[in-house]
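The values are calculated or read from the model by the stated rules, or taken from the named source; none is laboratory data. From a predicted model like this one, the values you see are computed outputs, not experimental measurements. Cβ placement follows ideal geometry from the backbone for every residue including glycine, while neighbour counts extend to all protein chains displayed. Note: accessible area is taken over every heavy atom of the protein model, side chains too, but ligands, DNA and RNA are not part of it. Shrake-Rupley method; radii C 1.70, N 1.55, O 1.52, S 1.80 Å.
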Amino acid sequence: MPLSKNDLDAILLTLELASLTTVLLLIIGTPIALWLARTDSWLKRPVGAIVALPLVLPPTVIGFYLLVSMGPNGFFGQLTQSLGLGTFTFTFTGLVIGSIFYSLPFVVQPLQNAFEAIGRGPLEAAATLRANPWDSFFSVVLPLARPGFITAAILSFAHTIGEFGVVLMIGGNIPGKTQVVSVQIYNHVETMNYAQAHWLAGGMVAFSFIVLLALYGGRSARVRAL
């Protein structure tokens, strides 16, 4: 059975959401991970715990508090309304914000591990050559941490693809606007349309397998190189 228009729209929307979330998370997560890897501050543990919260909290809990905070009576909702932006609940922008919070540890933790593995030696050597912090980052840290960036990007993209609770709470189920693949599968199951659900669910299984295969294949290649 071919995919319906709503199915195709959900796939495209999901890919757009995952791509944008991944790019934004790499931008946001890199300085956080770098700080966590380098700092000796007492704030390291509390900040690390906050970053890791989505790993243990139910997605509906995260979605609920984001829904409340971005709603018309919430702090961020009132702020965005005062700026003339309206509210971000039940919009694609709201999905992006929720996805960033939900997938944050899947970017920060691989990057933090990569930065910690580099150590201080290469950066100190770059400093003796009078490299400024930006030169050190782009010429030393970025190339050495490349496997961590690849892992973070893959995990963020895959995790966003598989979201359900957070996106349903924040975005609802609006075709073409907030209806992603996981929600569309739920719709098909609710209406007993198992054939369509199989097409989408099977695609998710294949995608997840390819992602894990790429991750483990990359790790094996790095281990052999060492």
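Normalised by residue number, the volume inside the convex hull of the Cα atoms of the stretch 40-179 is 152 Å³ per residue.
Here the stretch 55-83 and the stretch 120-174 have alpha carbon centers that stand 25 Å from each other.
For the chain, with all protein chains in place and a probe radius of 1.4 Å, 71% of the accessible heavy-atom surface sits on carbon or sulfur. Label reach from Asn173 (point 7 Å along Cα→C-beta): in the stretch 187-216, amide nitrogens under 17 Å belong to 187-198, 200-201. Taking every alpha-carbon pair under 8 Å whose residues sit at least 6 apart, the chain reaches a relative contact order of 31 percent. Amide H to amide H distances under 5 Å link Phe90 with Gly171, where only residues 5 or more positions off or on other chains count and H is placed in the peptide plane. Taken about its Cα centre, the stretch 40-188 carries a charge dipole of roughly 40 debye when the Cβ of each Lys and Arg holds +1 and the Cβ of each Asp and Glu holds -1.
Counted over the stretch 31-115 with a bin width of 10 Å, the fraction of Cα pairs per bin, in whole percents, is 17, 38, 30, 15, 0.
Sites count as exposed loop sites when they are trypsin sites (Lys or Arg not before Pro), lie in a DSSP loop, and have at most 11 other Cβ atoms within 10 angstrom; the longest stretch of the chain without one is 1-119. Above 17 Å, the calculated P(r) of the stretch 93-134 contains 55 percent of its Cα-Cα pairs.
Given the stretch 131-223, report the % of alpha carbon pairs whose separation exceeds 20 Å. Cα-Cα pairs in the stretch 131-223 separated by more than 20 Å: 55 percent.
With protein chains left intact and a 1.4 Å probe, residues in the chain average 56 Å² of accessible area per residue.
Within the stretch 39-86, the chymotrypsin sites (Phe, Trp or Tyr not before Pro) that combine a DSSP coil assignment with at most 12 other C-beta atoms in a 10 angstrom radius are Trp42.
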